[in-house]
Structures are given as C-alpha cells and as structure tokens.
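The values are calculated or read from the model by the stated rules, or taken from the named source; none is laboratory data. All figures in this text were calculated on a predicted structure; none of them were measured in a lab. As a convention, Cβ positions derive from the backbone with ideal geometry for all residues, glycine included, and neighbour counts pool all protein chains shown. The protein model used for the area step is the full one, side chains on, heavy atoms only, and it has no ligands, DNA or RNA in it. Shrake-Rupley method; radii C 1.70, N 1.55, O 1.52, S 1.80 Å.
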Amino acid sequence: MAFGLSFLVLTISIRSPLSVAGFLGPAGLIAWIETHFASWNWAGFPATYLLAGSGYLAANWFVVGLALGAARRKLILRTDAV
C-alpha cells in the first residue's frame with residue numbers, strides 16, 4: 001500500500017507538501033477500513049480500538065504525505081534546474 005500511494009503521489013499534479021498530506025490523510029482512512037474495521041466488526045474488538053486505529057492511520061499518512069510532498073518538490077526542483 002505504501003508503494004502504491006507513493007507512486008500515486010508521483011503521478012498527481014499536486015505540488016505543495018501540505019496538499020499532498022491533505023490528500024494522503026484521507027487515504028489513511030481508507031487504509032483504516034482495510035486494516036481495523038474488519039477486526040472491530042468480526043472479531044469483536046472494542047469501539048475505542050476502532051477510533052484509535054482510524055486516528056493513528058490518518059495521522060501517520062498525513063505525516064507521510066508531508067515527507068513525500070517535500071521529497072517530490074525537491075525532485076521537481078532538481079529536474080527543472082537541469
């Protein structure tokens with residue numbers, strides 16, 4: 001999933017790191033559905049697990065978005081300078 005989202009960041013036209021983070025934050029919520037929702041629904045985990053997991057993944061992907069957006073900006077600046 002991380003590779004797929006990283007590739008997606010390279011193909012979209014979003015330039016600023018904050019915008020990339022805003023794009024990947026909700027993507028973290030999509031990842032939450034894949035990882036935590038099933039455990040809550042079928043395995044009977046408590047609702048606090050569900051809420052903590054969603055916040056954890058959204059925050060992580062927001063931070064990853066900031067890092068990938070900054071790296072993408074540096075990559076674009078280097079290729080524009082050449």
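Listed by first and then second residue, the pairs with beta-carbon distance under 7 Å, at least 6 apart or on different chains, first residue in the range 58-78 and without any contact (Cβ under 8 Å) to a residue 24 or more places away in the chain and surrounded by 13 or more Cβ atoms within 10 Å (Cβ to Cβ), second part of a helix (DSSP H, G or I) and of a type outside the set (Phe, Trp, Tyr), form an empty list.
Applying the selection to the range 42-51, what residues are over 21 Å from the mean Cα position of the chain (by Cα) and surrounded by 13 or more Cβ atoms within 10 Å (Cβ to Cβ)? Result: Phe45, single match. Taking the range 4-41 as the range and being within 11 Å of the chain's Cα centre (by Cα) and aromatic (Phe, Trp, Tyr) as the test, the residues that pass are Phe23, Trp32. For Trp61, are the conditions met, namely being more than 15 Å from the chain's Cα centre (by Cα) and of a type in the set (A, V, I, L, M, F, W, C)? Against the criterion (more than 15 Å from the chain's Cα centre (by Cα) and of a type in the set (A, V, I, L, M, F, W, C)), Trp61 does not qualify. Counting the residues of the range 23-37 that are surrounded by fewer than 16 Cβ atoms within 10 Å (Cβ to Cβ) and within 17 Å of Leu66 (Cβ to Cβ) gives 2.
Entry remark, the range 6-22: residues being open to solvent by 40 Å² or more (accessible area, probe 1.4 Å) and of a type in the set (Val, Ile, Thr) number 2 in total.
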